[in-house]
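A short worksheet on the structure shown next.
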Amino acid sequence: MKRRASLIGRPSPFHASVTLFEPHDAAAESAVRRSKRLRVTAASESSLLPPGPENPDFRDQANASYSESSPTSPLSPEDSEYGGSDTLPPVRSKAPKKARTTKPPAGIKAQDSKDDPVASTSTPPADTKSKRASSSRKPKAIPTALETPHPAPARWREAYDTVKRMRARIVAPVDTMGCEQAQLKESEPKNQRFSTLISLMLSSQTKDEVTDAAMNKLRAAVGGTLSIDAVLKASESSIADAICKVGFWRRKTQYIKQASQKLQDEFGGDVPKTVDELCSLPGVGPKMAFLALQVAWKLNVGIGVDVHVHRITNRLGWHKPPTKTPEETRLNLQSWLPLELHPEINHLLVGFGQTICAPVGPKCDQCELSDGLCPSAKKGAKASSSSKKQKQKQAGPKIEVKLEEEEREEEEEEAVEERKVDIRALAAAPERISPQPDVPVKTEETS
């Protein structure tokens, strides 16, 4: 009996749901098997490369496997769109999925995935990293003027001169421990400018007394002279220990080290002369930049506005509508305040705010502006009366104690009155009083 030839099935190269069956013989055994999940090819050095036009053996391997497993093709040479070629159509490598990457900085050309199919998994070359490190983002320009100038408030000059007269009689902490005093302890001009900048960086959210003490400790911690080289050589722990009393001292420690390094690398070891360059330093804002230029370089390019200047000018009604940020206050003041007053207004109003026009509980009774120059003077008085009412409301338990004491006094008075009534009744009926008991009663008790 003739034995039936076994059949072998393989997937159709033209449709995934069709399976072709062929007789199993020796020629079929030597053919390379194909499956939907795995493609077996002869091992070679080029087989380690990914499929694509970069692998020269990929096309030959694919054509060989196709010709061995499919000796005939249902398509005629005339109907084939590839010109009747008995080989596989040109192999097109699938483009890799686009990975989510951030947009490269300006000046750096992005790597094309078409040129490199595995670009998403490869690391960027060393020259790209150097370009990214060298290309620094330009600092944002600080605005210096308003498009529409703010009108000068009424009677501002009279109020300004009044504050100036009061300040002449008062010694404020800013007069003896401000940023102007930091440079007096250094001899070299570069170190004087650097000390002024460091003092301004430490003064943020910190009182002048604490800032001055921190400056003295920092100068001693770096060797007695506050310079850029001394700060770079000092450790962060020693700087942190010296300034640990100021606000946000951990962050300011990093800012001091980073700013010193940037001054050394980009500005020749000195404080720059422009606002934009100063604001590019870590931990330096517009207020510090304008004050640093005024004190260190004697350059009058703007007003340094801090919380005192922002608060007092709004209390005086110099902004219509009231400003919400110190930057808005600065632009308004610079639009109408005479240029010769820009360097002194910060020092003037800071000392006035430290001594008289305090943020909480201003001393309006001691201020000469209360005679009509300050529209907020009456509001301060109302605030003080309202604070008294709040204290009275908070003193609730004391009022209850007084009520209890009054009730006790009333009860005692009532008891005294009752006693008086009893005495009067006894006086009206003396026969009821028997100091000695009757004798029969005694005999009855004894019997």
Contour minus Cα-Cα distance for Lys324 and Leu339 (0.36 nm per residue)
3.1 nm
So what's the net charge close to Gly304: Lys and Arg +1, Asp and Glu -1, counting the other residues with Cβ under 15 Å from its Cβ?
-2
Estimate the FRET efficiency between Ala358 and Trp156 by the formula 1/(1 + (r/R0)^6), using the beta-carbon distance for r and 22 Å for R0, to the nearest 0.05.
0.50
Length gained, Ala168-Leu232, 0.36 nm per residue minus C-alpha separation, equals 19.0 nm
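Tell me the GluC sites (Glu not before Pro) within region 132-226 that lie in a loop according to DSSP and have at most 11 other beta-carbon atoms within 10 Å. Can you show the working numbers first?
Numbers: sites: Glu147, Glu158, Glu180, Glu186, Glu209; in loops: Glu147, Glu186.
Sparse-neighbourhood loop GluC sites (Glu not before Pro): Glu147.
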When you count, for each residue, the other Cβ atoms within 10 Å and take the mean per peptide, how do 292-298, 221-227, 318-324 rank with the highest first?
292-298, 221-227, 318-324
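Counting only other residues whose beta carbon sits under 12 Å from that of Pro282, what net charge do I get with K and R as +1, D and E as -1? Don't skip to the answer; put the middle values down first.
On the way: positive: Arg251, Lys252, Lys257, Lys262; negative: none.
It works out to a net charge of +4.
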What's the magnitude of the charge dipole for region 156-377 around its Cα centre, counting Lys and Arg as +1 and Asp and Glu as -1 at the beta-carbon? Answer in Debye, nearest 20.
360 debye
Residues meeting the amide H criterion for Ile8 (H placed from the backbone, H to H distance under 5 Å, 5 or more places apart or on another chain) are Glu22, His24
Where in region 209-226 does the label zone of Cys244 land, with the point 7 angstrom along Cα→C-beta and an amide N cut-off under 19 Å?
210-223
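Every number here is computed from the coordinates shown, using simple stated rules; none is lab data. Model, not experiment: these values are computed from the prediction. Neighbour counts run over all protein chains shown; Cβ positions are idealised from the backbone, glycine included.
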